1. Considering every residue within segment B:49-61, establish whether at least one is within 11 Å of chain A (Cβ to nearest Cβ), open to solvent by 30 Å² or more (accessible area, probe 1.4 Å) and acidic (Asp, Glu).
2. Could you check, for segment A:677-687, whether at least one of its residues is in the same structural domain as A:LEU717 (by TED's automatic domain parsing), within 20 Å of the chain's Cα centre (by Cα) and among the hydrophobic types (A, V, I, L, M, F, W, C)?
3. Taking segment A:400-424 as the region of interest, how many residues are more than 16 Å from ligand 2 (Cβ to nearest atom), of a type outside the set (S, T, N, Q) and within 14 Å of chain B (Cβ to nearest Cβ)?
4. Hand me the list of helices (runs of 4 or more DSSP H) wholly inside segment A:355-440 holding 2 or more residues that are among the polar types (S, T, N, Q) and open to solvent by 10 Å² or more (accessible area, probe 1.4 Å).
5. Can you name every residue in segment A:687-717 that is more than 14 Å from chain B (Cβ to nearest Cβ) and closer than 16 Å to A:GLN654 by Cα?
6. Evaluate segment B:13-30: report whether one residue or more is open to solvent by less than 20 Å² (accessible area, probe 1.4 Å), away from ligand 1 (no atom under 13 Å from the Cβ) and part of a strand (DSSP E or B).
Amino acid sequence: MTTSQIAPNVSRRALLKGGALTVGFVLGGGRLEPIAVLAQGAAQAAAPARVLDPKEVDAYLAVNGDGTVTVWCGKVDLGQGLRVAIPQIAAEELGIGLDKITYIEGDTALTPDQGRTAGSYGIARGGMQIRQAAATARKALVEIAAQRLGVPAETLVAEGGAVRPKAGGTGLGFAELIGGKRFDLKLDPKAPVRDPATYTLVGKPLPRPDVPAKCTGTLTYVHDFAVPGMLHARMIRPPALGAHLVAVDEASVAGLAGVRVVHIKDFLAVVAADEWTAVKAARALKAQWTEGSGLPAQDQLPAVLKASPGATEQVLVTKGAEAPRPDGAKTLQATYFWPMQSHASIGPSCAVADVKPDSATVWTASQGTHGNQDTFARFLKLPKDKVRLIYLDGAGCYGMNGHEDAAADAAVLSRAVGAPVRVQWSREDELGWDPKGPAQLIDIAGAIDAAGKIRDWRTDMWIPENTRGLPSIPLLAPEAAGLDQMPGLNSGQIAQNGDPPYRTDRVQVVAHWLKTSPLRPAPLRSPGKPANCFAVESFLDELAAAAGLDPLALRLQGLTNPRGIAVVEQVAQMMSWQARPSPGPGRDAPVGRGRGIAYIHYKHEEAHVAIGMDVAVERSSGAIKVERVACAHDCGQIINPDGVRAQVEGSILQTLSRVLMEEVRFDQKRVTSTDWSSYPLLTFSDVPKLDIVLIDRPTDPPLGAGEAACAPVGAALANAVFDATGARLRTVPFTPERVKAALGGQAATPRT
Amino acid sequence: MPRYEIRLNGTSRTIESADPDQPLLYALRGLGLTATKFGCGLGQCGACNVLVDGKAMPSCRATVAETAGKSITTLEGLGTPAAPHPLQAAFIAAQVPQCGYCTSGMIVSAAALLRETPKPSEADIRAALDGNLCRCGTHVRVVRAVLAASGQTGQAGQGG
Ligand code: FES
Ligand code: FES
């Protein structure tokens, strides 16, 4: 088949057969009006044969017979705006209107594997592959036109969906040049890309095409998706971690019509024709379990991490002389702790699976549509190409919430009952059983001299190891049902940014990789960096206070990267920063007011972000009120400024929630913070004023914008609280009890 | 099967439910009205909010039997892509949703607020929406959109 069979103006029905999410744009009244053709799901019809090799141009784009263009992207839109940003890049580079682009994402049968949508690489990597594909395609289009017209290629230009003489006059439309045919070209890294000075689409705050559907209830989330004959299921979890199923009393649900109990080793679920019956059956079902494997006492966790046997030590960074510290320098040591946290998605995970004897189709909101193909093929014992995963929107997952697990639950159940099955997790399932952002324990020791020169710095971190070659994390369903999967741990790149981005005589960063983690870990937005930056940037302020220096001045004195200096100076200006050491003069007032700042050069090679905060701390209650957050953000070339701004707002507020109130609570059996009162989130009344300045660098490469602004939030807040009160917070979350304890001079340091 | 008469998005509807305790949420979604979302089932998040006789209520906590004879409005009943409610139009203009899972409940809560208080202050909006959780951090835009929908050009922070 040729790609022209997927025409952009096809009916919704036809798209439904194709089984992908397609977004179209129309131009109305001179303004770009996005319209969303949301054709999601249903792989009833066979997927058309597609080139899927990520090295091939045809994997990413095709010129259709009518001159429109279809773009295929293996990365998915989780609400971060790739559905407009990627078409912006493709349309710009090709030289065609955005309204002529049809966009298809995240379907293993249709889109190239561009890796998980993770690490804030959607644009920086996924988008840049598509830019290169479009640049290669444009070069080919110009060359074909040059040959047909008998003129040198340099005299031609691609714009408005045609290749024309630069001097003017009509040219040849893209459809005439290649419509409906393959390019048969590899991505050419040397194909010239357009000069940013000529951009007409990239850099514009164009609206996201899925927003109207999300505001009117017409978008099909995975939670809303149904196929004919689909049954509804609820999972039954053990009462204690590691408990095994001894017996199930099926008679306990006999009174509920049509309920089927599925019991495979420790995997237990109920399936019914309608959802409410499944809910009632899950509540009614009686089962007997063994005792669990046990969890450490919550308040012992930092000590447990430090004492974990078999940790592997790895020196991550070592710079500078081995010289002893010079006399006169002040030395400090501090311990910081970041607790386990949940992804805490507003919608509990959900998935639909249709598993047949020889093939499987799974509709999932996972960020790893492609990445999960191997995992699912393995435990279903099917060839990889017989397992199709199709992305549908879900509640935001910020790394890896329960989406993958729910999909595996659905797949196991669909095979067991021989029908398509929809699994909807409960709130308790989601907060109790989603894989957690891991706990991080960080020790820092350092020395500063009277002139503010950092003489020595050593960071030690205790964090769960990442198992080499682990494709995903182990999922609950294969584990419980005894199906094949690779064991191991993965929390993402949690060891980055353990070293200060400032001039330092000597730096060492040592990771103590732990073999186990009390609860199953997974990447959680900006993996590890919020904790590492919290420790590093808090410690910098502790050094500044020890030396009696203004914390802003100490940063500016130590920074070398001009883009780093620019964001820090920008925030200082936004906050009308008064130079003085912390804590400030009002530290003993009933309500102390203060300001703090923190900075990150994300992963030492990506975005530069500085965040400043103004806070008020009530001494009697220990309550922190964040009054204002100022943020300067430089992620290189900005594709869509409104999209970047939304990501920065979200990063700041989500991390503020994590720092102020979030900690997974557990007893010795299981997670106990399984509703919104025991695992509270930031609400409207807690939301501060946000001032964000985006620094655009159109001639630099675009860098990720979905994570970096998370990282400095914790330290900016801790530094502001110290400035306001003189109390140093080293344990997240900053609950009123912890603040009061720190104000009372009690150890604000985790017990280790 | 027992039948319950309700007014749903302006039309009279009969809901059949074998269980009078079935939450309204499941009944609505079973009718294909999937804008209303399941978030917790505990009345703690607002994702399932609908208007019951003009007041915002979590549909996960109201049973079908309790809502018999009442007038229910879901997000679908407020407006459509072609003819959006002023709040929907304002949410679209402010590009509020990220994942959008909380958006339906937010718009419904805001609609209840504007019925009572056509020109709410920023503090009124925050108070009215305090029971609506958002994990993506769209709060600043939500407040701005509600101000705009009520014909006030207030700036809800400058973030965005
Ligand atoms: S689902 Fe009803 S309040 Fe959360
Ligand atoms: S937009 Fe994702 S939860 Fe609110």
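1. no
2. Yes, some residue in segment A:677-687 is in the same structural domain as A:LEU717 (by TED's automatic domain parsing), within 20 Å of the chain's Cα centre (by Cα) and among the hydrophobic types (A, V, I, L, M, F, W, C).
3. Matching residues across segment A:400-424 total 3.
4. On the way: elements: A:372-380, A:403-417, A:427-433.
Here the list reads A:372-380.
5. Keep residues of segment A:687-717 that are more than 14 Å from chain B (Cβ to nearest Cβ), which gives A:695-704, A:708, A:711-712, A:714-717.
A:ALA708, A:ALA711, A:PRO712, A:GLY714, A:ALA715, A:ALA716, A:LEU717 - these are the residues of segment A:687-717 that are more than 14 Å from chain B (Cβ to nearest Cβ) and closer than 16 Å to A:GLN654 by Cα.
6. Going residue by residue through segment B:13-30, those that are open to solvent by less than 20 Å² (accessible area, probe 1.4 Å) are B:15, B:17, B:23-25, B:27-28.
If we keep only those that are away from ligand 1 (no atom under 13 Å from the Cβ) as well, we get B:15, B:17, B:27.
Going one step further and asking which of them are part of a strand (DSSP E or B), we end up with B:15.
Yes, there is a match, as at least one residue in segment B:13-30 is open to solvent by less than 20 Å² (accessible area, probe 1.4 Å), away from ligand 1 (no atom under 13 Å from the Cβ) and part of a strand (DSSP E or B).
Here is a yes/no grid of residues against (1) assigned to a helix (DSSP H, G or I); (2) within 11 Å of chain B (Cβ to nearest Cβ); (3) more than 22 Å from A:GLN573 (Cα to Cα); (4) in contact with a strand residue (DSSP E or B) (Cβ under 7 Å, 6 or more places away or on another chain):
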position: A:VAL615; (1), (2), (3), (4): no, no, no, yes
position: A:SER620; (1), (2), (3), (4): no, no, yes, no
position: A:VAL626; (1), (2), (3), (4): no, no, no, yes
position: A:GLY643; (1), (2), (3), (4): yes, yes, yes, no
position: A:ILE652; (1), (2), (3), (4): yes, yes, no, yes
position: A:ARG658; (1), (2), (3), (4): yes, yes, yes, yes
position: A:THR674; (1), (2), (3), (4): no, yes, yes, no
position: A:SER678; (1), (2), (3), (4): no, yes, yes, no
position: A:SER685; (1), (2), (3), (4): yes, yes, yes, no
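Okay, residues lined up against (1) open to solvent by less than 30 Å² (accessible area, probe 1.4 Å); (2) away from every other protein chain (no Cβ under 14 Å):
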residue: A:THR220; (1), (2): no, no
residue: A:VAL227; (1), (2): yes, yes
residue: A:GLU250; (1), (2): no, yes
residue: A:ARG260; (1), (2): no, yes
residue: A:PHE267; (1), (2): yes, yes
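The values are calculated or read from the model by the stated rules, or taken from the named source; none is laboratory data. What you are looking at is a predicted structure, and each value in this text was computed from that prediction instead of being measured. Reconstructed Cβ throughout: ideal geometry from the backbone, glycine too, with neighbour counts over all protein chains shown. Each accessible area value is taken on the protein alone, full model and side chains, heavy atoms only, with ligands, DNA and RNA left out. Shrake-Rupley method; radii C 1.70, N 1.55, O 1.52, S 1.80 Å.
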